[in-house]
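Structure, as structure tokens:
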Amino acid sequence: GEKMGRFGKLALVQLATKDEMFLIDVEMGGEDIVQPLKPVLMNVGLVKVFHDCREAASLLLNQYHIPIYSVYDLQVAFTAWLEREGLEIYQAGLAEIMRTFSLSAYRLHRWDRLERSEIPSPKWHERPLQPQVIRKAVQNVAHLLPLQSTLNKELGDPSGTLIQRRSMHYLEYANMNSKELPSETASLRSGVKVKAMLVSKKPGAAYFKLNHSVTGAVLEDEDLKEFVDLKPGDVADCQVKSVSPCQSFAHLQREGHGNLWFDRHQSRMMKLPSQEQMDEARPRRQSSLYGHQGAPGRPNLQEDRRSFREQKPTVVHKLGKRGAVKVKKTGFTPPAP
């Protein structure tokens, strides 16, 4: 549709099996044409293959009250493959996954042209649909099942169970911030607490999905240090620092800002404990000399002498030959304290 997500509008639903392709025109059919899909989308025994299901899942749940179960997300699978290869983790588009695992199909179906020709959002709602829009809709789902099979072989997971489990946090995105930001017009102001899912992170900037029309952003180095433990797809508790003048970006800080430290053993940010928590974990103990009293009239604690050598007077007065008093130094100097 023109705008996906919790406050979006659905125009077209694309479905593909191994043998058939379906384009369901929601723009013309309305909500009544979407409801018959509910048993399919909610069927736990039927795996649904998506590429980045987050905004679609949020739209279906919040606009049509249809949750999706048993999802295999290709973007999640590609991330798992990057982890296995020891490569930097990022969220790849469908075209890049095609180039990586199905280059022959990429060339055969001229995906290079699809990448260059961006479809303007209003075109999805125009009727009749233009040929380039129909081609884009078909190509977006035609290769999902073959790519799933290829990625399963690459990951050594023929059933795809691992990716289905990992894809569950993409489905949980549909409920994110539903209480904190109940409507699109809910004001985002400084201090509002939100959950943010990391989309991309690079030197000097990080961007987040908020399940809202506003995009989360962290642009200052001091704030970025507190997100060092996050990988794309991870969710963090944040608070709004400010909102951009265009109202399209919310500048975020991590909750607990200024009171966080990075635990290298656990590879995650930890909150510094309060003084009360420290006292509870390590209570203060009284001195081991408490209650030991000295002799009457003497203090409880005495300082030991610096030296037990018998000290001679430092100055000796003696008479000289003519009866005059002379001063002779002994040369003994007590040790320094």
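The values are calculated or read from the model by the stated rules, or taken from the named source; none is laboratory data. Everything numeric in this text was worked out from a predicted model, so none of it was measured. Neighbour counts run over all protein chains shown; Cβ positions are idealised from the backbone, glycine included. What goes into the accessible areas is simple: the full protein's heavy atoms, side chains included, and nothing from ligands, DNA or RNA. Shrake-Rupley method; radii C 1.70, N 1.55, O 1.52, S 1.80 Å.
Structure above, values below:
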quantity	calculated
Viscosity 1.567 mPa s, 4 °C: Kirkwood-radius Stokes-Einstein D of the chain over Cα pairs, µm²/s	51 µm²/s
Extension gain, residue 83 back to residue 64 (0.36 nm per residue minus Cα-Cα distance, nm)	3.3 nm
Farthest toward positive dipole pole in the range 103-257 [+1 Lys/Arg, -1 Asp/Glu at C-beta], among 156, 120, 173	120
DSSP-defined beta bridges in the chain - what % are antiparallel, rounded to 5	85 percent
Sum of side-chain charges, residue 32 neighbourhood, beta-carbon under 15 Å (Lys, Arg +1; Asp, Glu -1)	-2
For residue 167, net neighbour charge (Lys/Arg +1, Asp/Glu -1) across residues whose Cβ lies under 12 Å away	+1
Simple spin-label estimate for residue 267 and residue 247 in nanometres, 7 Å along Cα-Cβ	4.1 nm
Karplus (6.51, -1.76, 1.60) ³J(HN,Hα), θ = phi - 60°, over the range 242-259, in Hz, Gly and Pro reported as x	6, 10, 5, x, 7, 6, 9, 10, 10, 7, 10, 10, 6, 4, x, 3, x, 10
Amide H contacts under 5 Å for residue 51, placed H, 5+ residues apart	74
Amide H contacts under 5 Å for residue 262, placed H, 5+ residues apart	270
Order of exposure, largest accessible area first, which applies to 136, 231, 241 with probe 1.4 Å	231, 241, 136
Cβ-placed point charges (K, R +1; D, E -1), dipole of the range 134-240 about Cα centre in debye, nearest 20	480 debye
Inter-centroid distance (Cα atoms) of the range 72-114 relative to the range 45-62, Å	19 Å
The range 47-98: translational diffusion in µm²/s, Stokes-Einstein, Kirkwood Rh over Cα pairs, 10 °C, 1.306 mPa s	131 µm²/s
Accessible area (Å², per residue) of the chain, counting only protein heavy atoms and a probe of 1.4 Å	64 Å²
Magnitude of the charge dipole, the range 51-171, Cβ model with Lys/Arg +1 and Asp/Glu -1, debye to 20	440 debye
Considering only the range 1-111, percent of DSSP beta bridges that pair antiparallel, nearest 5	65 percent
Net +/- balance of residues flanking residue 239 in space, Cβ distance below 9 Å, scoring K and R +1, D and E -1	+1
Label-to-label distance, nm, for residues given as residue 31 and residue 107 (7 Å Cα→Cβ offset)	4.9 nm
Dipole magnitude of the chain, debye to nearest 20 (Cβ charges: Lys/Arg +1, Asp/Glu -1, about Cα centre)	3220 debye
Cross-link partners of residue 201 among lysines (Cα-Cα below 18 Å; sequence separation of 8 or more within a chain)	209, 225, 231
Rounded percent of accessible protein surface that carbon and sulfur make up, the range 88-131, 1.4 Å probe	52 percent
For the range 63-73, Karplus couplings with θ = phi - 60° (6.51, -1.76, 1.60), whole Hz, Gly/Pro x	9, 10, 6, 10, x, 10, 10, 6, 10, 10, 9
Distance in nm between pseudo-label sites at residue 42 and residue 213 (7 Å out along the Cβ direction from Cα)	3.0 nm
Cα gyration tensor shape for the range 160-248, rounded if a/c is under 1.5, else prolate or oblate	oblate
Positive-end extreme of charge dipole, the chain - chosen from 11, 188, 75 (charges on Cβ)	188
